[in-house]
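The values are calculated or read from the model by the stated rules, or taken from the named source; none is laboratory data. All figures in this text were calculated on a predicted structure; none of them were measured in a lab. As a convention, Cβ positions derive from the backbone with ideal geometry for all residues, glycine included, and neighbour counts pool all protein chains shown.
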Amino acid sequence: MIRARRRVRPRFPRTLRIRLTAGLVLLLAVACTAVGVTTALALERFLVHRLDQQLAATGGRFAASLEHEDPPDADNQTDTRGQADGTFGARLMAGRVTQSAVVRGRTHIDVPLTAAEERALARVPHDGRGHDVRLSALGRYRVAAVPGDDGDVLVSGLPLHPVEETVHRLEALETIVFAIALAATGVAGAFWVRLSLRPLRRVAATATRVAELPLASGQVAMPAPVPDADPDTEVGQVGAALNRMIGHVGDALARRHASEERLRRFAADASHELRTPVATVRAHAELALRHHEPLPGDVRHALERIQSESERMSLLVDDLLLLARLDAGRPLAREPVDLCRMAIDAASDARAAGPGHRWLLDLPEEPVTITGDPHRLRQVLANLLTNARTHTPSGTRVTVRVREHGDGAEVLVSDDGPGVPEDLQESVFERFTRAGQGRARSDGGTGLGLAIVDAVVASHRGTVTLTSRPGRTDFRILLPRGTSDA
């Protein structure tokens, strides 16, 4: 099967500087062309008019001298004819050419004419005005016809070759001059346009710096405003509008950052203050359950629920405290971590917690070691495996793979469960995001597990990504190797 080739359209320059320069040169080229054509036509008309004046001045003398069969003597030849070199003369009787000659120096030579040329000369009006005629033996001529004394017609002509040569020389000179002018205008115009668009380039550079800023979270230092924003120019108006927008965005980001900081401090303070009363409630519930005397069934059930919820609240408080510490930039431990050993331990714990799932390990022969916080990285793996166990049905295959990856390591946790819904994939690493539909919450999760994964990996200068479809879900973690003495 032969596929038709797609026609590739030529790409024209789109930058404003090139377009303005090209437009300037194009307009100048049109103006030069108009000037060249006008001057060439005017010069040609002027020279032809001079030929007509010369023809009128001759009055057909050379053509009239052709009536004599014997040429005059040598002494009178020049004075008799008195014509310029190349002057053409012809005598017509009853519409037929009887004699035709052309001046060459001090004498004249006969010129043979074709029947078509004789008819063309016969059609020339007898008004003494110039008309264009092409003679095969001589070229283009400007001829004028006047009636003779003997009922004949006298035709005199002058060559148009000097006129054409002069016009062509003017055209060549204008072409050279205009080409030099266009080249000089192109260079000077490009420099001038570049100089004039310098404020616009500063506006574009400032807008680019704003676009490259991480505006999603954290404190953002906005770039300096655009300098030289003259409101009397279009570029100045754009710069002033951009400066106002930068100011508004900076104020909004500062207010957002302040609100986030207050929220983080509140979460940290609340979590810290809740740890003691939650631990106290949990301890009293355990103490009451250990009472030596038998408890009524409803009382025991209530105490067991209090103990279960206090344990869950303790986990929630610990997770909130961890996120608060990570948000505050608290340094993590830095020591060698064997990811293969960590994957083995995490898979063993997951197998014990979820015996109905199939837990697989895909590890290299050599250990993969990085520098990081072993406790937090172990928590990352535990959270991912707990997530897979909680949100997939029994019998699902969960695989943990560890590999070298460039200058770091790759950890992949995949399962063949129902997958993460598309509307949830973009926010799965946000805090308090709870799964729905295919990954329904069934264990009272806090919605902080994957947020902790993202925060811990980011604090190790790594990345975590999710790709999911029905039958395949991958959580991919890339961690830099780091140095043990960092």
Self-check item: Qualifying position, being assigned by TED's automatic domain parsing to the domain that holds Phe62 and more than 13 Å from Gly86 (Cα to Cα), among Val153, Val177
Solution: Val153
Exercise. Filter region 48-61 down to residues that are surrounded by 13 or more Cβ atoms within 10 Å (Cβ to Cβ) and either of a type in the set (S, T, N, Q) or within 16 Å of Glu174 (Cβ to Cβ) (or both) and give me whichever is modelled with the highest pLDDT.
Key: Gln54
Quiz item: What are the pairs, 6+ residues apart or on separate chains, where a residue within region 399-413 that is of a type in the set (Lys, Arg) has its Cβ under 8 Å from a residue that is part of a loop (DSSP other than H, G, I, E, B)?
Solution: Arg401/Leu363; Arg403/Pro364; Arg403/Val368
Quiz item: Does Ala486 satisfy the criteria of being at pLDDT below 85, in contact with a Lys or Arg (Cβ under 9 Å, 6 or more places away or on another chain) and closer than 30 Å to Arg305 by Cβ?
Solution: no
Self-check item: Number of the exception - Leu339 against (1) of a type in the set (A, V, I, L, M); (2) buried (at least 18 other Cβ atoms within 10 Å of the Cβ); (3) closer than 30 Å to Glu261 by Cα
Solution: (3)
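To keep it simple, each residue is scored yes or no on (1) out of contact with any Leu (no Cβ under 6 Å at 6 or more places or on another chain); (2) closer than 20 Å to Thr473 by Cβ.
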| site | (1), (2) |
| --- | --- |
| Leu361 | yes, yes |
| Gly372 | yes, no |
| Thr399 | no, yes |
| Gly408 | no, no |
Self-check item: Filter result (under 60 Å from the mean Cα position of the chain (by Cα) and closer than 9 Å to Gly130 by Cα) within region 46-65
Solution: Val48, His49
Quiz item: Somewhere in region 323-332, is a residue in a strand (DSSP E or B) and either buried (at least 18 other Cβ atoms within 10 Å of the Cβ) or touching an Asp or Glu at 6+ places or on another chain (Cβ under 8 Å) (or both)?
Solution: no
Quiz item: Phe432 fails exactly one of the following numbered conditions: (1) at pLDDT below 90; (2) of a type in the set (Phe, Trp, Tyr); (3) within 16 Å of Leu381 (Cα to Cα). What is the number of that condition?
Solution: (3)
Quiz item: Does Leu158 meet the test of being in contact with a helix residue (DSSP H, G or I) (Cβ under 6 Å, 6 or more places away or on another chain) and either of a type in the set (Phe, Trp, Tyr) or not assigned by TED's automatic domain parsing to the domain that holds Val249 (or both)?
Solution: yes
Quiz item: Among the residues of region 197-204, is there at least one that is over 30 Å from Gln99 (Cβ atoms), part of a loop (DSSP other than H, G, I, E, B) and of a type in the set (A, V, I, L, M)?
Solution: yes
Quiz item: Arg134 is checked against (1) assigned to a strand (DSSP E or B); (2) surrounded by fewer than 18 Cβ atoms within 10 Å (Cβ to Cβ); (3) touching a residue at least 40 places away in the same chain (Cβ under 8 Å) and fails just one. What number does that condition carry?
Solution: (3)
Quiz item: Can we say Arg334 is of a type in the set (Lys, Arg) and without any contact (Cβ under 8 Å) to a residue 24 or more places away in the chain?
Solution: no
Quiz item: What is the number of the single condition among (1) more than 48 Å from the chain's Cα centre (by Cα); (2) under 30 Å from Pro277 (Cβ atoms); (3) in the same structural domain as Leu450 (by TED's automatic domain parsing) that Ala382 does not meet?
Solution: (1)
Quiz item: Pick from Ala221, Ala181, Ala188, Ala207: which is more than 30 Å from Ser100 (Cα to Cα), without any contact (Cβ under 8 Å) to a residue 12 or more places away in the chain and in a helix (DSSP H, G or I)?
Solution: Ala188
Quiz item: Which of the residues that make up region 138-178 are surrounded by fewer than 12 Cβ atoms within 10 Å (Cβ to Cβ) and small (Gly, Ala, Ser)?
Solution: Gly151, Ala172
